[in-house]
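Student: I have a structure I would like to understand better, so I am pasting it below and will then ask my questions one at a time.
The values are calculated or read from the model by the stated rules, or taken from the named source; none is laboratory data. Just so we're clear, the structure is a prediction, and the values are computed from it rather than from any experiment. Positions of Cβ are backbone-derived with ideal geometry, glycine not excepted, and every protein chain shown enters the neighbour counts.
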Amino acid sequence: MKYPLKTPWRRAAALVLALLLTLALAGCQQTAAGDGEALTTVRLNEVTHSVFYAPQYAAMELGFFAEEGLAIELTNGGGADKVMTAVLTGGSDIGLAGPEAAIYVHKEGREDACIVFGQLTKRDGAFLVGREPEPDFAWENLAGSYVIGGRAGGVPLMTLEHLLRSKGLIPGEDLTVDSSVQFNMMAGAFTGGTGDYVALFEPTASQMEQEGKGHILASIGEAAGEVPYTAYFAAESFLAENADLVERFTRAVHRGQQWVAEHTAAEIAEVIAPQFPDTDLALLTTVTERHKQIDAWNQTPVMEQAAFERLQDIMQEAGELDARVPFAEVVDNSFALAASAG
């Protein structure tokens, strides 16, 4: 005998099965939270995936976010402009990119603009990669060369050009600085034959060196000095509606910053290794040590006004900012201060 699909016992069985599945999923969430409550997912969009953001990955791998009741859903934006677009359109909750993106949006007069609420890094994390080893490398040697520098309007390009000017080299006159290549395409352009040098983040730079496709010559951040290079931002409405969540998020980041400051490169590399499954531990340790040596990371998420003003100096020098914006209109340190005081 064939039963119709909508017999009462079949409907009851389906309901029981659905209930059991729901309870099973809820049980998994409660286990992950560790305190009987499900974790709240935060959609975080980062400008690129790099060892440069080790404090964030340490906070993820050591469970600091989970202890704050948060689960991080991480997306690689592939450029500050794309990260900002994702946040402004609601595709992501929080962005991690150069704070210049928030300045540009503020200048546009956009409603519900993004506000910076925490700083992660305090200098450029890129390294200059050349085609040949140069044991006696000096920045002045770049005269007459072709450098793939980054996207026009982005902090990586502006910081590099600021450094070159400080060495007496005028971009466009004394050397070519290519600003037409998208951030996540720079390594490919270089290995494809474009340019004499390229500015790359880790672990990409070290992987290229390991593969014999380039040679790391210098740290741009070490030579250029401190600047609020990478920061967290969110829409003003998101901050207002999720103040407690943002404070917990910032507290986890702060714990990651402290942990990284207190541990060796080898210890950091071992913890963040799951974030870089294609990078062997020895190379990851070397890369992490490079960032520790140049003092790349903030020890608190607080952005100092003096650092913010220096960023605007660099932006104006690059011709990307016609008038300065007030610090208090772009940066809200209340979350960072509360997190750091805890």
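Student: Look at Ala323 and say whether it is assigned to a loop (DSSP other than H, G, I, E, B) and either of a type in the set (A, V, I, L, M) or modelled with pLDDT under 95 (or both). Explain how you work it out, then say what you get.
Tutor: Working: assigned to a loop (DSSP other than H, G, I, E, B): yes; either of a type in the set (A, V, I, L, M) or modelled with pLDDT under 95 (or both): yes.
Criteria met by Ala323.
Student: Determine, yes or no, whether Asp124 is surrounded by fewer than 24 Cβ atoms within 10 Å (Cβ to Cβ) and touching a residue at least 12 places away in the same chain (Cβ under 8 Å).
Tutor: no
Student: Sticking with this structure for a sec: Any residue in segment 48-70 that's outside the structural domain of Ile272 (by TED's automatic domain parsing): show its pairings with residues that are of a type outside the set (Lys, Arg) and surrounded by 24 or more Cβ atoms within 10 Å (Cβ to Cβ) at Cβ separation under 6 Å, as long as the two are six or more apart or on different chains.
Tutor: none
Student: Looking only at segment 139-152, filter to residues that are in contact with a helix residue (DSSP H, G or I) (Cβ under 7 Å, 6 or more places away or on another chain) and assigned to a loop (DSSP other than H, G, I, E, B); which one of those is surrounded by the fewest Cβ atoms within 10 Å (Cβ to Cβ)?
Tutor: Looking at residues that are in contact with a helix residue (DSSP H, G or I) (Cβ under 7 Å, 6 or more places away or on another chain) and assigned to a loop (DSSP other than H, G, I, E, B), I get Arg151.
Student: Could you please find all residues in segment 62-94 being among the acidic types (Asp, Glu) and surrounded by 18 or more Cβ atoms within 10 Å (Cβ to Cβ)?
Tutor: Passing the criteria: Glu68, Asp81, Asp93.
Student: Out of all the residues in segment 299-320, which are outside any loop (DSSP other than H, G, I, E, B) and not hydrophobic (A, V, I, L, M, F, W, C)? Please lay out each step first, then the result.
Tutor: Filtering segment 299-320 down to residues outside any loop (DSSP other than H, G, I, E, B) leaves 305-317.
Listed by number, the residues that qualify are Gln305, Glu309, Arg310, Gln312, Asp313, Gln316, Glu317.
One line per residue, one yes/no per condition, for (1) among the charged types (D, E, K, R); (2) under 22 Å from Ala138 (Cα atoms):
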residue: Ser180; (1), (2): no, no
residue: Gly193; (1), (2): no, no
residue: Val198; (1), (2): no, yes
residue: Glu202; (1), (2): yes, yes
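Student: Kindly list the number of the only condition in (1) out of contact with any His (no Cβ under 6 Å at 6 or more places or on another chain); (2) touching a residue at least 12 places away in the same chain (Cβ under 8 Å); (3) surrounded by fewer than 23 Cβ atoms within 10 Å (Cβ to Cβ) that fails for Asp136.
Tutor: Failed condition: (2).
Student: Would segment 278-298 turn up any residue that is outside any helix (DSSP H, G or I), within 23 Å of Gly109 (Cβ to Cβ) and at pLDDT 95 or above?
Tutor: no
Student: Let me ask another. Is there a residue being farther than 24 Å from Leu163 by Cβ and free of Cβ contacts under 8 Å to residues at least 60 places away in the same chain anywhere in segment 190-209?
Tutor: yes
Student: Evaluate the following for Arg110: is it modelled with pLDDT of 95 or more, surrounded by fewer than 18 Cβ atoms within 10 Å (Cβ to Cβ) and either closer than 17 Å to Gln182 by Cβ or more than 17 Å from the chain's Cα centre (by Cα) (or both)?
Tutor: no
Student: Which residues, counting only those in segment 269-285, are closer than 25 Å to Phe335 by Cβ and within 17 Å of the chain's Cα centre (by Cα)?
Tutor: Scanning segment 269-285 gives Ile272, Gln275.
Student: Test Arg123 against the stated conditions and say whether it is within 30 Å of Asp280 (Cα to Cα), of a type in the set (Lys, Arg) and not in a strand (DSSP E or B).
Tutor: yes
Student: Pull up segment 150-171, narrow it to residues that are modelled with pLDDT of 95 or more and small (Gly, Ala, Ser), then point me to the one that is nearest to Met315 (Cα to Cα).
Tutor: Ser166
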